[in-house]
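> Before I ask anything, here is the structure I am working with.
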Amino acid sequence: MRILFAAPLHHPEALRQARDLAAVTGLPTPLFPPSMSQHFWEKALRKRGHELAVFWRNLPHGRAGHAGGHTERHSERLTPGKVIGAVRNRIPLEFNPEARARNRDLIAAARAFRPDVLWMTGDNTIILPDTLAQIRRETGAKLIYASGTSPIVFSKAIDRRAMPLYDWVLVNDYYHGIQWRELGARNMTCLPLSACDPEFHKPYPLTDAQRQELACDVTFVGTLVPGHLYNRRVRALEALSNAGIELGIWSVHDVPSSLRKHLRGPALGEDMERIVSAGKISVNPHGDFMLYGGNLRLFEAAGAGVFQISDDLPGTREWFPDVNGVPTIALYNTEVELVERVRNYLAHDAEREAAAEAARAHAYAHHTYDHRAARFEEGLAEL
C-alpha cells in the first residue's frame, strides 16, 4: 500500500540528527524522528513492503517537506507566542490564508503520491473536512485517524466535523475510541497505537560516567504541564518527593515548581532509553485524559527491561498480566499505595529484576510495532 501521513513534526533536531546518521550508515532516510512513535510505525510498515510519505501539517506553507525549526517547549506561563496564537485562532480556518495554503499543499501532495491510505494523526488543527473529502474523491484513499488523546479534551471543531468522513479510527485508550464513535467515526479499534521496538527499546549499556550521572531510584520521563491535564502525574511525583525517595525527572517541557528540584533535563530518543535503563524503577502515571491506559512509556519502559509502576487502569491490567506467577508490572490506586510499592520493590532487588525481565519478554512477544502493523493490515482488509 501507499500510505501518506498527515502529521505534525515534533523534535525537528532529532529528525535532522537521525537523517545525518542514516546518510553515514546507508540506512533509509527516516520520515520521523525516533522520539516520535510514528518513527517505529514507519519502520514496521516499510518492513512489510508499504511505501510511505509524510506531509507535516504544522510547518508553514511551502515548507512541509523540510525538517526545520526547533522543539517547542511548553510551560504554563503566558508568553507572546501564546497571545499571538490565541488571536490567530479566532480567525476561522476557512478565512485564514496560511491555513488555506497548507490545505492546498496537502491536496497537491496527495495528487502526487496517490495514497491508498491517508493516515491523519491526532490533534489536527489545520486540515479541513472539505480537504479530506476532496482527497478521497480524487484518490480513493481510505481515511484513517490515529490518536492517543481524548476528543473531549483535545479535539478541535474541524476534527469533530470531519469524523464521519473517516473509515477507521485507531486509539490507545479504548474509552477514547467510544467517544470518537459517538462523534461519527464508522469504525474504531484500540490496538493500542503505542508499542515497543526490540531493536530500540531495550536495555542500554551505560558507561561508569553515564551511570553516575543518570542513576536514581525512581525515574519519570514525560510531560507534567499544563497541570489540569497531568494532575494525577504531579500528585504521584509529589508524593514520592515528600516521602524522601530519590527521584529523577526528565522532560522537554517545564515542570511545576514543586518538582523543579528533581528536573534533570530533556530526554528524547536513545537518551530517554539510557535514562530509563539507569533507574531502578520507572514510575508511569497516565495523564488525566487517559482512563483506560496505553501511553507510550507503558511499552517502552517494558522493552527497556526496567521495572515499572503504573496507575491501575483496565488497559495496564489487560496488556501486562502476571506470567507464570511473576508480575510484569506493579499497579497502584492511591499515592499512599505508590509510595509503599516503591519502597517495597527498592528493598527487594531480585523480585524487581524478575518482574522487569518478565515484562520485557512479554512486551517483545505481544506488543511490538510489528504486532501492531500486522493488526493494522488485518483491520484495513476488513473495511
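> Using alpha-carbon positions, what is the distance between the centroids of the range 87-144 and the range 1-44, in Å?
Between the Cα centre of the range 87-144 and that of the range 1-44, the gap is 21 Å.
> Could you give the C-alpha radius of gyration of the range 208-366 expressed as a fraction of 2.2 N^0.38 Å, taking N as the number of residues it contains?
Taking the Cα Rg and dividing by 2.2 N^0.38 Å, one obtains 0.95.
> Would you please give the FRET efficiency between GLU270 and GLU182, computed as 1/(1 + (r/R0)^6) with r the Cβ-Cβ distance and R0 = 45 Å, to the nearest 0.05?
Working: r = 40 Å, r/R0 = 0.88.
Step by step, r from the Cβ atoms, then E = 0.70.
> Something else now. To the nearest 20 debye, what is the magnitude of the charge dipole of the chain about its Cα centre, counting +1 on the Cβ of each Lys and Arg and -1 on the Cβ of each Asp and Glu? Write down the numbers at each step before the final one.
On the way: 45 positive and 45 negative charges, 301 e Å.
In total the dipole reaches around 1440 debye.
> Right, here's the next one. Using 0.36 nm per residue of separation minus the Cα-Cα distance, give me the extension gain between ALA133 and THR223 in nm, one decimal.
Between ALA133 and THR223, full extension yields 28.9 nm more.
> Only Lys, Arg, Asp and Glu count, each charged at its Cβ (+1, +1, -1, -1), so figure out the dipole size of the range 208-366 about its Cα centre, rounded to 20 debye.
280 debye
> Another question, if that's okay. Connecting C-alpha atoms closer than 10 Å in a GNM of the chain, tell me which of LYS202, LYS142, LYS261 has the biggest fluctuation.
In the Gaussian network model the winner is LYS261.
> What residue among ALA157, ALA354, ALA195 has the largest mean-square fluctuation in a Gaussian network model of the chain, using Cα springs under 10 Å?
Of the options given, ALA157 has the highest mean-square fluctuation.
> Could you pull out every one of the lysines with an alpha carbon less than 29 Å from that of LYS142, ignoring same-chain neighbours closer than 8 positions?
Within the straight-line cut-off, LYS142 pairs with LYS43, LYS47, LYS156.
> Provide the gained length on full extension for the span ARG375 to ARG161, in nm with one decimal, where the gain is 0.36 nm per separating residue minus the Cα-Cα distance.
Contour length minus the Cα-Cα distance gives 74.3 nm.
> In nanometres, what is the gap between the two model label sites at ASN96 and GLU213, each 7 Å from Cα along Cα-to-Cβ?
Inter-label distance under the simple model: 3.9 nm.
> Let me ask you something else. Give me the extension gain from ARG111 to ARG343: residue separation times 0.36 nm, minus the current Cα-Cα distance, reported in nm with one decimal.
77.7 nm
> Related question: Tell me what the chain gives for mean residue ellipticity at 222 nm when only DSSP H runs of n ≥ 4 count, each as -39,500 (n - 2.57), the sum divided by the residue total, rounded to 500 deg cm²/dmol.
-13000 deg cm²/dmol
> A further question follows. What fraction of the DSSP beta bridges in the range 208-366 is antiparallel, stated in percent and rounded to the nearest 5?
Within the range 208-366, antiparallel bridges account for around 5 percent of the total.
> Relative contact order for the chain using alpha-carbon pairs under 8 Å, separation at least 6, rounded to a whole percent?
This gives 14 percent for the chain.
> Can you grab the distance from the C-alpha centre of the range 243-278 to the C-alpha centre of the range 219-238, Å, no decimals?
The two parts, judged by their Cα centres, are 11 Å apart.
> Moving to a separate point now. Under a GNM of the chain (C-alpha, springs under 10 Å), which listed residue has the highest mean-square fluctuation: VAL54, VAL323, VAL255?
VAL323
> With the radius of gyration and the Kirkwood radius both derived from the Cα set of the chain, what is their ratio Rg to Rh? Spell out each step's value before the answer.
On the way: Rg = 20.9 Å, Rh = 21.8 Å.
Radius of gyration over Kirkwood radius for the chain works out to 0.96.
Here, each number is a calculation from the coordinates, and none is a lab measurement. Everything quoted here is computed from the prediction, not taken from an experiment. As a convention, Cβ positions derive from the backbone with ideal geometry for all residues, glycine included, and neighbour counts pool all protein chains shown.
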